[in-house]
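What follows is a set of notes on a single structure, which appears directly below.
None of the figures in this text is laboratory data; all of them are computed from the coordinates on show. This structure is a prediction, so every number in the text was calculated from the model and none was measured. In this analysis, Cβ positions are derived from the backbone assuming ideal geometry, glycine residues included, and neighbour counts consider all displayed protein chains.
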Amino acid sequence: MPTLPPAFADLEPFADWALPSEYDRYAKRLTCTMDELQAFYDAAFPRLADSTEYLKGVELDGISDEDRHLLWLFCALVTVSFPVEVWHQPRVPDSGAATIDVVFEPAV
């Protein structure tokens, strides 16, 4: 069963990135190799403008599961962008075991 809108079926192999919280997305990032992060980035980044335009037309009240998953998928793209574009590693450089936990995040 597809988890993303039909127009984004090409991103289904990365549907496991459609996680509801920043904590979950960050945890997934830390368990991935750079090759896995790069593959997701390479597939999702070219679709960023299309997804933005698509999601602009979606009402958050009553948002469908498929649309919600698309939104979360592109939140995950933000989570992997710095590791791919700048750091070339999943962790924040020179951060050791330090973490920042989100106490409150938008409910979507």
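Data table
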{"quantity": "Selection within region 19-48 - assigned to a loop (DSSP other than H, G, I, E, B) and either hydroxyl-bearing (Ser, Thr, Tyr) or more than 14 Å from Gln89 (Cβ to Cβ) (or both)", "calculated": "Leu19, Pro20, Ser21, Thr33"}
{"quantity": "From Ala44, Ala15, Ala27, Ala39, residue being within 27 Å of Asp101 (Cα to Cα) and crowded, with 19+ Cβ neighbours inside 10 Å", "calculated": "Ala44"}
{"quantity": "Residues of region 1-12 classified as surrounded by fewer than 17 Cβ atoms within 10 Å (Cβ to Cβ), part of a helix (DSSP H, G or I) and over 13 Å from the mean Cα position of the chain (by Cα), total", "calculated": "4"}
